[in-house]
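Written below as structure tokens is the structure these notes are about.
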Amino acid sequence: MNKTVIREAKVTDSAGLARVSVDSWRSTYTGIIPQEFLDSLTYEGRTKHWEERLSDPDGPGFTFVAEDYTGDLIRYAGGLKGNSGNPLYTGEVGDIYLLKEYQQQGIGRRLMSTAALRLKECGHSSLLVWVLEDNPYRNFYESLGGILIDEKEIETGGRKLTEVAYGWQNLDIFEEIMKSEHR
């Protein structure tokens with residue numbers, strides 16, 4: 001059985017995070033985000049982004065990675081330590097991406113739960129996550145008990161897109177998910 005390890009990201013993970021980021025954006029958002037924008041994403045550019053983000057231990061966020069039995073990164077989730085700006089859903093998970101070939105294995109549930117529990121450690125009792133309305137994997141958040149709470153317009157690659165927010169008012173559900181994933 002292949003063992004997936006979830007741990008806090010390190011600066012040395014930057015290239016792996018870049019690969020997951022670029023590859024998952026291209027596989028998930030083709031036909032949604034302009035292709036020119038997706039083609040402009042580079043491993044080098046995303047590696048630099050991650051190096052900068054992970055070099056600041058006092059930065060505003062955190063990132064967890066999932067690695068497979070070979071040590072390759074296959075997924076990541078990140079959140080903000082501070083407030084989301086929404087008074088009812090104070091914590092925020094800002095990123096959660098997985099390589100397509102590792103979906104439907106429970107890794108996303110564990111990683112989302114790990115990020116939610118970190119938010120709880122930071123003093124949050126609720127959270128939200130923004131996702132593109134046309135994201136074909138929105139049902140993932142619904143399967144975790146997220147409820148649709150808001151929407152907003154954004155622009156990516158010159159195209160106006162709609163993001164929707166899923167919210168959880170009680171983070172204890174993620175403790176239950178973690179327990180069930182370890183049975």
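The values are calculated or read from the model by the stated rules, or taken from the named source; none is laboratory data. Please read these numbers as outputs of a predicted model, since none were measured by experiment. Every residue, glycine as well, gets a Cβ built from its backbone with ideal geometry; the counts of neighbours run over all protein chains shown.
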Inset, instruction - Only residues in the range 61-90 that are farther than 24 Å from TYR43 by Cβ count as the first member; pair them with residues that are assigned to a loop (DSSP other than H, G, I, E, B) and modelled with pLDDT under 85, Cβ under 7 angstrom, at least 6 apart or cross-chain, and list the lot. - result: LEU80/PRO60; LYS81/PRO60; GLY82/PRO60; THR90/ASN83; THR90/SER84
Legend entry - Residue check for GLU142: surrounded by fewer than 18 Cβ atoms within 10 Å (Cβ to Cβ), modelled with pLDDT of 90 or more and assigned to a strand (DSSP E or B): no
Inset, instruction - Within the range 46-62, track down each residue that is at pLDDT 85 or above, over 16 Å from the mean Cα position of the chain (by Cα) and either of a type in the set (Ser, Thr, Tyr) or surrounded by 11 or more Cβ atoms within 10 Å (Cβ to Cβ) (or both). - result: THR47, LYS48, GLU51, GLU52, SER55
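Can we say LYS160 is in contact (Cβ under 8 Å) with a residue 24 or more places away in the chain and either more than 19 Å from GLY85 (Cβ to Cβ) or among the acidic types (Asp, Glu) (or both)? Don't jump to the end; show me each part of the working.
Working: in contact (Cβ under 8 Å) with a residue 24 or more places away in the chain: no; either more than 19 Å from GLY85 (Cβ to Cβ) or among the acidic types (Asp, Glu) (or both): yes.
Judged against the criteria, LYS160 is not a match.
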Inset, instruction - Can you confirm whether the range 124-137 contains a residue that is in contact (Cβ under 8 Å) with a residue 12 or more places away in the chain, polar (S, T, N, Q), surrounded by 13 or more Cβ atoms within 10 Å (Cβ to Cβ) and assigned to a helix (DSSP H, G or I)? - result: no
Legend entry - Scan of the range 155-175 for residues that are β-branched (Val, Ile, Thr), in a strand (DSSP E or B) and closer than 23 Å to ARG118 by Cα, ordered by number: VAL164
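Can you name every residue in the range 67-79 that is under 11 Å from the mean Cα position of the chain (by Cα) and of a type outside the set (Phe, Trp, Tyr)? Spell out the reasoning first.
In the first step, residues of the range 67-79 are kept if they are under 11 Å from the mean Cα position of the chain (by Cα); the result is 75-79.
Answer for the range 67-79, where residues must be under 11 Å from the mean Cα position of the chain (by Cα) and of a type outside the set (Phe, Trp, Tyr): ARG75, ALA77, GLY78, GLY79.
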Inset, instruction - Check the range 108-123 and report whether any residue there is of a type in the set (A, V, I, L, M, F, W, C), in a loop (DSSP other than H, G, I, E, B), farther than 16 Å from THR4 by Cα and in contact (Cβ under 8 Å) with a residue 60 or more places away in the chain. - result: no
Legend entry - Of all residues in the range 64-95 being out of contact with any Leu (no Cβ under 7 Å at 6 or more places or on another chain) and outside any loop (DSSP other than H, G, I, E, B), the one that is modelled with the highest pLDDT: GLY78
Legend entry - Selection from the range 143-162 of residues that are closer than 27 Å to GLU121 by Cα and either under 15 Å from the mean Cα position of the chain (by Cα) or among the polar types (S, T, N, Q) (or both): SER143, LEU144, GLY146
Inset, instruction - Might you check whether a residue that is buried (at least 20 other Cβ atoms within 10 Å of the Cβ), farther than 20 Å from ALA165 by Cα and modelled with pLDDT of 85 or more occurs anywhere in the range 27-43? - result: no
